[in-house]
Amino acid sequence: MSTRVAFVLSLAGAVAVIGGYLVAGGGDYRPLELRDPCEPRPVEDLRAGGALAEQLALSALDGAACRLRVTREELALALATPEARVRFAREHHIGDEQIERALRAGLERAAADAQRSGRISALEAVALRQALRRAPLSLLVDAVLSKPGSDIARLLEDLIAREVG
């Protein structure tokens, strides 16, 4: 097969792939726009969210990401494993204390968001904030992430039981 024939066949194959992509709707593709974690989510988004624990986790990630000046998604990936957290800290020139302060601030924001949206009462918000100030961070994160579908009272009961026990 000559070089010219091979080139024409390769070009035809490339055109076929691109044409198929466009016919399948690929021309309308736009990358997902990441939300600015520093902008508060609309109350409607917070009310329409899933389980309370899930909303708390997302709001907490928003608050922490805002403080660290990264995306929520980047922070979530960084917290997935100890190795990812070390890599994240090295890449952003921050220490564990800064990450912990940012996560605590994010959890405070989550309590405020939940109260603002009507998902928790003012009394529950006060109790949650007190738990956030006193409990070890790992315990808080574990309680929120391991209790999808829980209401705030069950989350607080779980925190108290873990801290006492």
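Here is how the numbers come out for the structure above:
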| read-out | value |
| --- | --- |
| Dipole of the stretch 70-133 [Lys/Arg +1, Asp/Glu -1 at C-beta], most positive-end residue of ILE94, LEU77, GLN130 | GLN130 |
| Spin-label model distance (nm) - GLN98 vs ARG69, 7 Å beyond Cα toward Cβ | 0.9 nm |
| Pair ARG87, ARG129: separation of 7 Å Cα→Cβ label points (nm) | 3.8 nm |
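Readers should treat all values here as calculations from the given coordinates under stated rules, not as data from a laboratory. None of the values given here were measured: they were computed from a predicted structure. Neighbour counts run over all protein chains shown; Cβ positions are idealised from the backbone, glycine included.
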